[in-house]
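A short worksheet on the structure shown next.
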Amino acid sequence: MTDESPWLIAGLGNPGPGYAGNRHNVGHMVAAELASRVGGAFRSHKANAMVVEGRAVPGGPKLIVATPNTFMNVSGTPVASLLRFFKLAPERLIVIHDDLDLPFDTVRLKHGGGHGGQNGLRDIIRAVGTPEFTRVRVGIGRPPGRQAPADYVLSDFSSVERRTLPNVIADAADAVEHITARGLLDAQQRFHAPRE
């Protein structure tokens, strides 16, 4: 496995137009942004996922951007199948997902660790057989009042949030590019720094 090998970028969410604007689907939104940057269109892949391949910058690393066709909670099998198909180690996997424990408009990067109650991550760890992959955590905040977290993640972003959402999606896509080009530590130093 060399530094020249591609990266698999998996954006998590639920399939179908009914879920498209949900907070839980922010991983799909970031994947769509990355697809536009690599200049390709998603195509159906036999691993039960939509996939686009390309480079975000000329001479940069090859990115394989994928969104599983399954529901979030069973994302693991398509992701594991894609790793096998492209002959990639889990260390070349970046998973983009929503995170209740981070405030909205926050992007955090980490490698390894537990699933933190995120069922998509839980299933990927099970299917891949290791937690040793990189995560791009996109904050969606906690539900207001007594709203159940399960209902909150399956609701759409608010009108106020939607004004900022394109910037959040761009930040998360920038973070993915930075990780693949310069490594996780460099990306963390940039994206975890307080904003001016």
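The values are calculated or read from the model by the stated rules, or taken from the named source; none is laboratory data. Nothing here was measured: the structure is a model prediction, and the numbers come from that model. Don't worry about glycine lacking a Cβ; one is built from the backbone with ideal geometry, like all the others, and counts go over all protein chains shown. The area values use the complete protein model at the heavy-atom level, side chains included, leaving out ligands, DNA and RNA. Shrake-Rupley method; radii C 1.70, N 1.55, O 1.52, S 1.80 Å.
For the reader, a short list of remarks on this structure follows.
- Taking the DSSP beta bridges with both ends in region 79-142, the antiparallel portion is around 45 percent.
- Where the alpha-carbon atoms of region 17-112 are placed on the principal axes, they occupy 34, 30, 29 Å, in descending order.
- Among residues other than Gly76 with Cβ under 9 Å from its Cβ, the summed charge is +1 (Lys and Arg +1, Asp and Glu -1).
- Local charge for Gly117 was computed over the other residues whose Cβ lies under 13 Å away, with Lys and Arg +1 and Asp and Glu -1, and equals -1.
- Per-residue HN-Hα couplings for region 137-150 [Karplus 6.51, -1.76, 1.60; θ = phi - 60°; Hz; x = Gly/Pro]: 9, 9, x, 10, x, 8, x, x, x, 9, 4, 5, x, 5
- In region 75-196 the Cα-Cα distances spread across 10 Å bins starting at 0 as 12, 40, 35, 12, 1 percent of all pairs.
- Accessible surface of region 92-196, 1.4 Å probe, proportion on carbon and sulfur as whole %: 49
- Near the amide H of Lys62, within less than 5 Å, lie the amide hydrogens of Trp7, all on another chain or at least 5 residues away, with H placed in the peptide plane.
- Two-decimal log10 I(q)/I(0) for region 59-146, as the Debye equation yields it once each C-alpha is a single scatterer, q = 0.14, 0.23 Å⁻¹: -0.50, -1.20
- Net charge of neighbours whose Cβ lies under 15 Å from the Cβ of Asn14, counting Lys and Arg as +1 and Asp and Glu as -1: -3
- Excluding exposed DSSP-loop trypsin sites (Lys or Arg not before Pro) (at most 12 other C-beta within 10 Å), longest clean stretch of the chain: 88-145
- Within the chain: Cβ-based charge dipole about Cα centre, in debye rounded to nearest 20 (Lys, Arg +1; Asp, Glu -1): 300
- Accessible surface, per residue, of region 23-181 when the full set of protein chains is kept, probe 1.4 Å, Å²: 43
- Lysines with Cα under 17 Å of Lys87, excluding same-chain neighbours fewer than 8 positions away: Lys46, Lys62
- Rounded to the nearest 20 debye, the dipole magnitude of region 66-176 is 260 debye, with +1 charges on Lys and Arg beta carbons, -1 on Asp and Glu beta carbons, and the Cα centre as origin.
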